[in-house]
Amino acid sequence: MELAIVGAGGMLGRAVVEAAGESAVAFTHAELDVTDASAVKEALAGFRTVINCAAWTDVDGAEEHPDEAMRVNCDGARNVAEAAERVLYVSSDYVFDGRKGEPYTPEDEPNPLSAYGRSKLEGETATKAANPRHFIVRSSWLFGPGGGNFVNTMLRLGREQAHLRVVDDQHGCPTYTCHLAPVLLKLSATDDYGIHHLASASSCTWYELAREALARVGIDVEIEPCTTAEFTRPAPRPAYSVLATDGHRALPHWREGVREYLR
């Protein structure tokens, strides 16, 4: 057996399963709880490569439940890495503090601001320690079919409200899961171990992303930019978490991702 995909019921996991087709065995959370070390060891025995998409993704919820986030994103990552012959762990741009002001490379030192970011960084560390044949892939601002995401939220709010205020001083790379998934599969088939940044080409703010999505579906709503300070959330976000993607693994522009997703 060549490839297993863990966390196959999540938004990214579904995209990876679809891109892999019949060449992979998929495990949803209901079928495999990554925090159960013995179950993970038994389920993943015999696979050459495991792509770990299992994750606690509720950024604000992690502030209230840091232990739960750490169990999934760190302890679960360790369990999968220990059981796998080769492992790809999906991490996040939120491992950075956003103070650099230019795109982050894999060589930059992480400094997460939030409980979620810390749990993902600990997951990276646990994966590296447990398995020398690892791929750590940091991506950014994911959206796609099969899960809650910012684009869906903006479309819903745009239909429900006459006026929206959206943060315009946080910068990232909105990444369409159906663009990211095949690149993850190609990377996992190589021996290019280590840390990789894979996100959409170019960057924008949440406000710019919201405007693009609403305009593409023709929702006529007043949308006003605001600052992070004016729109407080439980978890602090990096002001600039743009990732410098591996040049030979470039993904399409984020606007192309929005266009394909909404189509």
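Of the residues making up region 242-263, those that are over 17 Å from F150 (Cα atoms) and loosely packed, with under 15 Cβ neighbours inside 10 Å are G247, H248, A250.
Any residue that is touching a helix residue (DSSP H, G or I) at 6+ places or on another chain (Cβ under 9 Å), over 25 Å from R249 (Cα atoms), among the basic types (K, R) and in a helix (DSSP H, G or I) - is there at least one of those in region 119-127?
Filtering region 119-127 down to residues touching a helix residue (DSSP H, G or I) at 6+ places or on another chain (Cβ under 9 Å) leaves 119-127.
Then drop every residue that is not over 25 Å from R249 (Cα atoms), which leaves 119, 122, 126.
Filter once more, keeping what is among the basic types (K, R): none.
No, region 119-127 contains no residue that is touching a helix residue (DSSP H, G or I) at 6+ places or on another chain (Cβ under 9 Å), over 25 Å from R249 (Cα atoms), among the basic types (K, R) and in a helix (DSSP H, G or I).
If you check E82, E107 for being assigned to a loop (DSSP other than H, G, I, E, B) and either assigned by TED's automatic domain parsing to the domain that holds S188 or under 18 Å from the mean Cα position of the chain (by Cα) (or both), only one passes: E107. With respect to the conditions (1) touching an Asp or Glu at 6+ places or on another chain (Cβ under 9 Å); (2) small (G, A, S); (3) under 30 Å from P66 (Cβ atoms), S203 falls short on a single one, namely (1). Just one of the listed residues (A15, A30) is buried (at least 16 other Cβ atoms within 10 Å of the Cβ), out of contact with any strand residue (DSSP E or B) (no Cβ under 8 Å at 6 or more places or on another chain) and over 21 Å from P132 (Cα atoms), and it is A15. Cβ-Cβ distances below 6 Å connect the following pairs, each with a first residue in region 120-142 that is surrounded by fewer than 19 Cβ atoms within 10 Å (Cβ to Cβ), a second residue that is basic (K, R), and a separation of six or more residues or different chains: A130/R78; R133/R86. Can you say whether L180 is closer than 21 Å to D93 by Cα, in contact with a Ser or Thr (Cβ under 7 Å, 6 or more places away or on another chain) and in a helix (DSSP H, G or I), as far as the supplied structure shows? Yes. If we scan region 163-173, do we find a residue that is out of contact with any Ser or Thr (no Cβ under 8 Å at 6 or more places or on another chain), assigned to a helix (DSSP H, G or I) and surrounded by fewer than 21 Cβ atoms within 10 Å (Cβ to Cβ)? For region 163-173, residues out of contact with any Ser or Thr (no Cβ under 8 Å at 6 or more places or on another chain), assigned to a helix (DSSP H, G or I) and surrounded by fewer than 21 Cβ atoms within 10 Å (Cβ to Cβ): absent. Please go through region 92-104 and pick out each residue that is surrounded by fewer than 24 Cβ atoms within 10 Å (Cβ to Cβ) and either without any contact (Cβ under 8 Å) to a residue 12 or more places away in the chain or small (G, A, S) (or both). Listed by number, the residues that qualify are G98, G101. Strands (runs of 3 or more DSSP E) fully within region 1-60 that include at least 1 residues being farther than 19 Å from E124 by Cα and not polar (S, T, N, Q): 3-6, 24-27.
Being closer than 30 Å to I223 by Cβ, without any contact (Cβ under 8 Å) to a residue 40 or more places away in the chain and not assigned by TED's automatic domain parsing to the domain that holds A8 is a description that does not apply to R165.
When E2, E82, E107 are screened for being at pLDDT 95 or above and surrounded by fewer than 16 Cβ atoms within 10 Å (Cβ to Cβ), only E107 passes. Looking across R237, R233, one residue alone is part of a loop (DSSP other than H, G, I, E, B), touching a residue at least 60 places away in the same chain (Cβ under 8 Å) and more than 17 Å from the chain's Cα centre (by Cα). It is R233. Looking only at residues in region 245-263 that are modelled with pLDDT under 95 and part of a loop (DSSP other than H, G, I, E, B), the one that is farthest from Y104 (Cα to Cα) is R263.
The values are calculated or read from the model by the stated rules, or taken from the named source; none is laboratory data. Please read these numbers as outputs of a predicted model, since none were measured by experiment. Positions of Cβ are generated from backbone atoms using ideal geometry, with glycine treated the same way; all protein chains shown enter the neighbour counts.
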